[in-house]
Amino acid sequence: MKYRSLFSLMLTASALSAVDFQKDVKPIFDKHCMTCHNKNVGAGGLIITDKSSVFAHGKHGARITSGDASKSSIYTLATLAANDPRMPMPTTLSSEEKTTLKNWIDQGAKWPEEKAPSGEFVKTLSSVDGERSIIMASELYKALGFETQAGKKATVETPYTVNKAAENEFTMMPIPGGKYKRGSANDEESPVKEIEISAFWMGKHEVTWAEYESWQFDLDIERRTPESFTMNKLDKNADIVSRPTGPYLDMSFGMGKEKRPVICMTQLAAKAYCMWLSAKTGHFYRLPTEAEWEYACRAGSQSEYSFGDDASKLGDYAWFADNANDSYQAIGQKKPNAWGLHDMHGNVSEWVLDSFDPEFYEKSPGKDPVNLAPKTPEENPFEETEFWPNKIYERIVRGGSYVNSADELRSAKRFYSNPEWKVQDPQIPKSVWYHTDAVWVGFRVVRAGEIPKLEDLHKYWPTDEEIKAIPQRGE
């Protein structure tokens, strides 16, 4: 009885301990609510970052009734079963998160007035639309001091981790320089040619929703605690990298987000994310070239797969049509290749920098090749032909995904985008950020072992023309 009483007291004390909005509640809103209730989408009229919106009445009654969670639709809807059509949430609250939300409301739902982060905000570097300040790629490159570092080779030997122990943690693996035989005898994969690749780091995993949404929804800004956060130069630059407008639906399509790879973005969006990540970290991040991707996937092998030619072993290394149950899966569950990279075969296909050209494999240079999209006129699905400098399709993705067969997950297999990826896109004009139908496409990042020269920056980051043509938030 003594122990039961003590345990009951502990539970009561835990339930009654003061819940802090910034520390306890805001992270729950950021994680579970931002996809559908950010300032650009505002599903159901709710903007989760706006106090007045959260405390207003919605179609299900009072969103917050201070002192009574049972009469607060924010709580009652968020705690429905995962398959309840009244609240089709992309992620489900844990029991601890539900308790925290309930206790916060029962304790009076205290929401302190937010202060702007301390530190002087960055001055306008470029004005795209006369109102919102957006930094151009060339300006960011200079602001990060890359001009003086260009051409210097880094020592690529050791893995490293960014944002340790955080939800958006990621690890970069060293990929040694060397040579390999690119391609196969199959159509669109030939001829086989020896290619030399310079050293670089590559993401151990595909970029996750947690990483991507830090940029997409300004969560890197929203999560700052005003009292303790001091804005540094990198944060100032990162804050004015162009970011996506709100998604027009749940882009996870009910497959979940926790530790899952982000999907549905265009190649442009993936490149813009790399630009932002560079601003946040001070290192030069980008997408891999197609040649780098295949080299890293093979990891020293010349077989059909990184682990050999026996497709019966593929289930140990990959999520694909035979074992994925029509859904992508959490990263890192399968065996890595010899260089420590997970999910290079399957799970989601991955963007590279290249555009498809059936003749490029034959005519490409033998060292660090990349085939950029030509600047040729074409009917543009974004309806901004006069601004958009490059051919939109056929941009390459590699690796295959959860919808593909074993043969389509071979190291040499190539896929490329086409207009059908946007058939169901409800936006007019078509979104520059999302491929509604490409629910199998994601990406991973690389960090260059050698920072490119300014005149070569257009190969890796969105061009100034592309950034100027991107519809900005609020338009």
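Scanning residues 5 or more positions from Ala373 or on other chains, those with amide H under 5 Å from its amide H are Ser355, with H placed 1.01 Å from N in the peptide plane.
Rounded, prolate or oblate: which fits region 137-469, taking a ≥ b ≥ c as square roots of the Cα gyration tensor eigenvalues, rounded meaning a/c under 1.5, else prolate when a/b beats b/c? Intermediate results must be reported in sequence, preceding the final value.
On the way: a/c = 1.23, a/b = 1.21, b/c = 1.01.
Rounded, because the longest to shortest axis ratio a/c is under 1.5.
What is the fewest-to-most order of Asp407, Asp425 by other Cβ atoms lying within 10 Å of their Cβ? Least to most surrounded, the residues fall as Asp407, Asp425.
Annotation: the residues Thr79, Thr148, Thr266, sorted from fewest to most other C-beta atoms within 10 Å of their own C-beta, follow the order Thr148, Thr79, Thr266. My understanding is that a pair violates if its Cα-Cα distance is over 29 Å; which of Lys153/Lys413; Lys164/Lys430; Lys204/Lys459; Lys193/Lys257; Lys179/Lys459 do that in this structure? Flagged as over cut-off: Lys153/Lys413; Lys164/Lys430; Lys193/Lys257. Karplus-based coupling profile of region 416-426, in residue order and whole Hz: 8, 6, 8, x, 5, 5, 10, 3, 8, 4, x, with θ = phi - 60° in 6.51 cos²θ - 1.76 cosθ + 1.60 and x standing for Gly or Pro.
Which length gain, in nm to one decimal place, applies between Glu465 and Ser53 when the Cα-Cα distance is subtracted from 0.36 nm times their residue separation? The partial results should precede the final answer.
Values: separation 412, 0.36 × 412 = 148.32 nm, distance 3.67 nm.
Full extension of this stretch gives 144.6 nm more.
Compactness ratio for region 393-475: Cα radius of gyration over 2.2 N^0.38 Å (N = residue count) comes to 1.35.
Fewest to most neighbouring Cβ within 10 Å: what's the order for His435, His60, His283, His205?
Neighbour counts put them in this order, fewest first: His60, His283, His205, His435.
Each value in this text was obtained by applying a stated rule to the coordinates, not by laboratory testing. These numbers were taken from a predicted model, which means no experiment stands behind them. Because the Cβ atoms are built from the backbone with ideal geometry, glycine has one as well, and the counts that use them run over all protein chains shown.
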